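See structure below.
The values are calculated or read from the model by the stated rules, or taken from the named source; none is laboratory data. Since we're looking at a predicted model, the values are computed, not measured. We place every Cβ from the backbone using ideal geometry, glycine too, and count neighbours over all the protein chains shown. Side chains included, ligands, DNA and RNA excluded: accessible areas come from the protein's heavy atoms. Shrake-Rupley method; radii C 1.70, N 1.55, O 1.52, S 1.80 Å.
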Amino acid sequence: MSATLQTQTEARTMTGAEIVLQALKENGVEVIFGYPGGAVLPLYDALFQQNAIRHILVRHEQAAVHAAEGYARSTGKVGCVLVTSGPGATNAVTGLVDALLDSVPVVCLTGQVPTHLIGNDAFQEADTTGITRPATKHNYLVKDIGKLAATVHEAFYVARAGRPGPVVIDLPKDILIGKGTYQEAPQAPHRSYRPQTEPEAGAIREAVALLKGAKRPILYSGGGVINAGPEASRLLTEFVRMTGMPCTNTLMGLGACPASDPQFLGMLGMHGTYEANLAMHGCDVMLNIGARFDDRVTGRLNAFSPASKKIHADIDPSSINKNVPVDVAIVGDAGRVLQALIEAWKEDDAAQDKAALAAWWRQIDAWRAKQCLGYVQQGSIIKPQHAVRRLYEMTRELGRDTYITTEVGQHQMWAAQYFGFEKPNRWMTSGGLGTMGYGLPSAMGVQIAHPDALVIDIAGEASILMNIQEMGTLAQYRLPVKIFILNNEYMGMVRQWQELLHGSRYSESYSAALPDFVKLAESFHAHGIRVTRAEDLDAGIREMLAHPGPVIADIAVAKDENCFPMIPSGAAHNEMILGAGQSGGVAGVTDEGKVLV
Amino acid sequence: MPDPSDTTFRNATIAVLVENEAGILARVVGLFSGRGYNIESLTVAPVDEGRRLSRITIVTSGTDMVIEQIKAQLDRLVPVHKVADLTLEGPHLAREMMLIKVVGKGEHRSEALRLADAFRARVVDATTESLVFEMTGAGDKLDAFIALMRPIGLKEISRTGVVGIARGAGGLLA
């Protein structure tokens, strides 16, 4: 912070709105995604009179939160949101829960009716702290201007400390208008919230001893490694290479280990690779760093990796022993854990069983030889897998720094399977909550943070319509986001489950009355492309990538393609279905399995 | 490591030291209802001079794995200073207070007073046809007294729920 700002802050009293902006600046906020309304007018007035913080006007408050998530996940900074009271706050709730489940640091400022009207059912009043209590990591209602600056500082600390998450600050209008003095962020540690980041040496030594003695080890990492910063991903790759063990990433963890690394087995879980899931099932020592044994990953719990010793490193102690009991628990920041593991590995004198490791790799290579992601592109109908694969190959040839966001459904899984990520923070997807409509606003946030990068939202035709209004935001800020729609005229994942589990009764999953996406793009001042034949796919992608502004590329793909491999709900890792020819196996889904989502 | 195949339920008395701030009780109760945990009883009051800290005592039940989860989930709430499993961490005291109203005359009335004396319950209100006793003790002692009062003329009960503290010199904050 500059010296002039400091002297200003010490000297004069400010309005609540000015205090908020000053505190945002002190916490490094450069961009805020928001939508104005009555209760936040004082904040918008203060924003108008300064240039340090840029405001991006979205078209719906849900999109403001997703944009802040995209900004946060692609930069490692805290994303910031500003919405009004009542409907502004309730519209933001889906975004907040999305950020909660995916551990994304976001601070969301919500307007509130003046304190004397709280509880009166006033116009645009909602019990925002009540509604968002289970939707946030923490929330605040500021009723005393003397605590305003301190609350904002604390909110940023809470959003980023430990396991990151969304924080709401509810700001009554009289607090924003009232006068108070600014206080800088405290140097003292927080009174009660001090998450452990440094792992215990004993647990690290135990983990290394297990790993050194392993015959069939595997490393499974998740979003915690991404959240720990790019250095943690570098350390992860270093550890994978020095130990020679195979590595798999969760959906949230893609990019931590380079996709091109020969020791990388691809994503694991429900739509993970054959080799990753069978290696998880057959390993004798599993090291989980920053993942949470989510139900998409484990499949049937009592059949999950039955013969392995499990080591779990997580910054959130409540993630450990929640779903899967583990043998060694390590609480700490993923980067610090990896650093400690690398050091302990070097210090430990025990030799690895190289012969066993070589045999393990021969087994893994045999699984790999199944080519579980193989597909055949024949004729003019575009396979969605082929569309993603070509998009990946052509962007790689281009050599630009590329960021991918997705909506939710089949296209999301195909993107995870067929687009390779070499670096962390390049992959933004709604993993925990599975929010359709996440991809476009998230891509806006990424593009704001990285104006010169190539940002692509891989979408489905159903999901994209959930936040299509954000085309207006792209136009206003000239954000050259590319929207790559895999258009199969179905809510594809719903259709797939209906085919496999509900007798092909396609109840309400057909995307009827779709818009003309080319005209839709044009009406929002963007470029529209439609590709219907495989022979035109490359030209369409080339045109999209070459266009300097925002583009919707509407790619008509095979309507009935299913996303494989797949572990049917309620099944174990070694019961996965590889492809359509084998889908008779799904008939074996139990009633217990059908209950699961 | 808790054994996930162990499905035996146990009771746990958990003490939680929290910032005394708006919404903290809703946060704790919401955590229990949102994640499907049991609450047998819950008490809360400020416990320091400046009224900045409150102590919550929760009696809950579940498998070892669930109780470990409850403690971990409580501990990651931002305003929570300390979580202790009194049941697991050693000998502790657990007490409840009760106000119990008994209505009756004659023989019933003297029987109620005789039993109250045996249980060391205090008479805190009396009319010609009613008595209110105040009684403190472990939950099962209160239950036993209630069972005895039922045939005599039990009218109404108000119980605080359990408060607990560890025996010995140790405290919640080290």
> What ranking do A:100-107, B:68-75, B:103-110 get when scored by the average of other Cβ atoms within 10 Å per residue, highest first?
Replying inline: A:100-107, B:68-75, B:103-110
>> Output wanted: per-residue J couplings in Hz (rounded whole) for the range B:55-68, from phi through Karplus 6.51 cos²θ - 1.76 cosθ + 1.60, θ = phi - 60°, x for Gly and Pro.
In response: 10, 10, 10, 10, 9, 9, 9, x, 6, 3, 5, 5, 5, 4
>> Only bridges whose two residues both fall in the protein assembly as shown count here: according to DSSP, what percent of them are antiparallel, nearest 5?
In response: 40 percent
>> Taking 45 Å as R0, compute the FRET efficiency from the Cβ-Cβ separation of A:T115 and A:R241 and round it to 0.05.
In response: 0.20
> Reachable lysines from A:K179, Cα under 28 Å, same-chain residues fewer than 8 places away excluded?
Replying inline: A:K25, A:K143, A:K147
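Using C-alpha positions alone, give me the convex hull volume of the protein assembly as shown per residue in cubic angstrom. Can you show the working numbers first?
Values: hull volume 156.6 nm³, N = 771.
Enclosed volume per residue, from the Cα hull, is 203 Å³.
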> Counting only the heavy atoms of the protein chains, how much of B:V124 is accessible to a 1.4 Å probe, in Å² to the nearest 10?
Replying inline: 70 Å²
> Out of residues 5 or more away from A:A126 or on other chains, whose amide H comes under 5 Å of its own, with H placed 1.01 Å from N in the peptide plane?
Replying inline: A:G86, A:V113
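Sorting A:D333, A:D536 by accessible area (1.4 Å probe), largest first, what list results?
From most accessible down to least: A:D536, A:D333.
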>> Compute the distance from the alpha-carbon center of the range B:16-43 to that of the range B:105-152, in whole Å.
In response: 32 Å
> By how many degrees, 0 to 90 and rounded to 10, does the Cα axis of helix A:334-347 deviate from the longest principal axis of chain A?
Replying inline: 50 degrees
> What's the average, rounded to a whole number, of partner chain beta-carbon atoms within 10 Å of each residue's beta-carbon in B:71-77?
Replying inline: 5
> GNM, chain B, Cα, under 10 Å: largest mean-square fluctuation among B:P79, B:P91, B:P151?
Replying inline: B:P151
> Using Cα atoms only, what is the angle between the long axis of helix A:61-75 and the major principal axis of chain A, expressed in degrees (0 to 90) to the nearest 10?
Replying inline: 60 degrees
>> Viscosity 0.692 mPa s, temperature 37 °C: what is the translational diffusion coefficient of the range A:401-454 from Stokes-Einstein with a Kirkwood Rh over Cα pairs, rounded to a whole number of µm²/s?
In response: 287 µm²/s
>> If amide hydrogens are placed 1.01 Å from N in the peptide plane, which non-local residues have theirs closer than 5 Å to the one on A:W427?
In response: A:I404
> Mind listing which chymotrypsin sites (Phe, Trp or Tyr not before Pro) in the range A:33-140 are in a DSSP loop and have 13 or fewer other Cβ atoms within 10 Å?
Replying inline: A:F123
> Over the Cα atoms of the range B:9-59, what is the Rg over Rh ratio if Rh follows Kirkwood?
Replying inline: 1.00
>> What is the angle, in °, between the Cα long axis of helix A:201-212 and the longest principal axis of the Cα atoms in chain A? Nearest 10 is fine, range 0 to 90.
In response: 30 degrees
> Cα centroids of the range A:316-381 and the range A:438-511: how far apart, whole angstrom?
Replying inline: 32 Å
> Over all residues in A:130-136, what is the mean tally of Cβ atoms on other chains that come within 10 Å of each residue's Cβ?
Replying inline: 2
> Can you list the HN-Hα couplings for the range B:83-90, worked out from phi with the Karplus curve (6.51, -1.76, 1.60; θ = phi - 60°), rounded to whole Hz and with x for Gly and Pro?
Replying inline: 10, 9, 8, 4, 5, 7, 8, x
>> Given the DSSP H assignment, sum -39500 (n - 2.57) over each helix run of at least 4 residues in the protein assembly as shown and divide by its residue total; what's the result at 222 nm in deg cm²/dmol, nearest 500?
In response: -10500 deg cm²/dmol
>> Need one value: the accessible area of A:H281 in square angstrom, 1.4 angstrom probe, rounded to the nearest 10.
In response: 40 Å²
> What are the lysines whose alpha-carbon lies under 26 Å from the alpha-carbon of A:K370, with same-chain residues fewer than 8 places away excluded?
Replying inline: A:K215, A:K354, A:K383, A:K559
> Averaged over peptide A:311-323, how many Cβ atoms belonging to another chain are found within 10 Å of each residue's Cβ?
Replying inline: 3
>> Pick from B:A118, B:A138, B:A94 the residue whose mean-square fluctuation is largest in a GNM of chain B, springs joining Cα atoms under 10 Å.
In response: B:A118
> Where a Cα-Cα gap under 12 Å defines reach, which aspartates and glutamates qualify for A:K309, not counting those fewer than 8 residues away within the same chain?
Replying inline: A:E206, A:D284, A:D327
>> Based on C-alpha coordinates, I'd like the Rg and Dmax of the range A:1-111, in Å.
In response: 14.1, 42
>> Could you tell me the relative contact order of chain B? Use alpha-carbon pairs under 8 Å, at least six residues apart, and round to a whole percent.
In response: 26 percent
> Between Rg and the Kirkwood Rh of the range B:1-122, both from Cα atoms, what is the Rg to Rh ratio?
Replying inline: 1.11
> the range A:206-337: percent of C-alpha pairs farther apart than 22 Å?
Replying inline: 25 percent
> Using θ = phi - 60° and the Karplus form 6.51 cos²θ - 1.76 cosθ + 1.60, what ³J(HN,Hα) does each residue of the range A:500-505 get, whole Hz, x for Gly and Pro?
Replying inline: 7, 10, 10, x, 6, 8
>> Once each part is reduced to its C-alpha centroid, what is the distance from the range A:26-79 to the range A:230-263 in angstrom?
In response: 34 Å
> With every protein chain present, what accessible area does B:R122 have (1.4 Å probe, heavy atoms only), rounded to the nearest 10 Å²?
Replying inline: 140 Å²
